[in-house]
Amino acid sequence: MITRLNQAFISLTSHPDFGKLLLRLTFGVLMLFHGVAKVQHGVSWIAGMLAAKGLPGFIAYGVFIGEIITPLLIIIGLFTRQAAFIYAFNILVATLLVGMGKFFTLTDVGAWGLESEALYFLGGLSIMFLGAGKYALSADKEKEWR
């Protein structure tokens, strides 16, 4: 009986392409909120942090690529793997700029201080490795490469 229930559950929930779409929509939409905030409030504060580390301030405008363009590409499923790579790299750079002081910390509820950053980073890598799936503007052409 348990085996039959398990098989029924698996047959009802075995939709990897829908899972990929859900993953893309989740991480893409959530990152867009960060990008919209940068559009509304500017990136001068990021440029200041970069300058303090001896880097050119104009690099701050790259945040628009990482937090607006790549999430949109991920959502629609166009250049998904490449966009997800840039997305993950953007999170890594942001973490190195502002989050490293939280590396060995826990929040008041016991979460890792870099939990959100890790979730976004690993979500981006997961999308990169999984690809867009069939519910995408440009479905994966993996079989053509094999």
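I'm trying to understand the selection: among the residues of the stretch 89-108, which are among the aliphatic types (A, V, I, L, M), over 15 Å from Thr26 (Cβ atoms) and at pLDDT 95 or above? Within the stretch 89-108, Leu92 is the sole residue that qualifies. Across the stretch 89-122, the qualifying residues are those that are within 13 Å of the chain's Cα centre (by Cα) and of a type in the set (Phe, Trp, Tyr), and the one among them that is surrounded by the most Cβ atoms within 10 Å (Cβ to Cβ) is Tyr120. Confirm whether Ala51 is within 28 Å of Asp17 (Cβ to Cβ), surrounded by 13 or more Cβ atoms within 10 Å (Cβ to Cβ) and not aromatic (Phe, Trp, Tyr). Spelling it out, it is not the case that Ala51 is within 28 Å of Asp17 (Cβ to Cβ), surrounded by 13 or more Cβ atoms within 10 Å (Cβ to Cβ) and not aromatic (Phe, Trp, Tyr).
Of all residues in the stretch 1-36, those that are small (Gly, Ala, Ser) and either exposed (fewer than 12 other Cβ atoms within 10 Å of the Cβ) or over 21 Å from the mean Cα position of the chain (by Cα) (or both) total 3. Does Gly77 satisfy the condition of being surrounded by fewer than 17 Cβ atoms within 10 Å (Cβ to Cβ) and at positive phi? Considered against the rule, which asks whether it is surrounded by fewer than 17 Cβ atoms within 10 Å (Cβ to Cβ) and at positive phi, Gly77 comes out as no.
Of the residues Ile69, Ile59, Ile46, the single one that is crowded, with 19+ Cβ neighbours inside 10 Å and part of a helix (DSSP H, G or I) is Ile46.
Applying a threshold of 9 Å to beta carbon distances and a minimum spacing of six or more residues, or different chains, the list of pairs starting in the stretch 45-59 at a residue that is free of Cβ contacts under 8 Å to residues at least 60 places away in the same chain and ending at one that is surrounded by 12 or more Cβ atoms within 10 Å (Cβ to Cβ) and of a type in the set (Phe, Trp, Tyr) reads Ile46/Tyr61; Ala47/Tyr61. Within the set Thr3, Thr26, the sole residue that is out of contact with any Asp or Glu (no Cβ under 8 Å at 6 or more places or on another chain), free of Cβ contacts under 8 Å to residues at least 24 places away in the same chain and not charged (D, E, K, R) turns out to be Thr3. Filter the stretch 123-134 for residues that are assigned to a helix (DSSP H, G or I) and surrounded by 13 or more Cβ atoms within 10 Å (Cβ to Cβ); which is farthest from the chain's Cα centre (by Cα)? Within the stretch 123-134, the match that is farthest from the chain's Cα centre (by Cα) is Leu130.
The values are calculated or read from the model by the stated rules, or taken from the named source; none is laboratory data. From a predicted model like this one, the values you see are computed outputs, not experimental measurements. Heads up, the Cβs are rebuilt from the backbone with ideal geometry, glycines too, and the neighbour counts pull from every protein chain shown.
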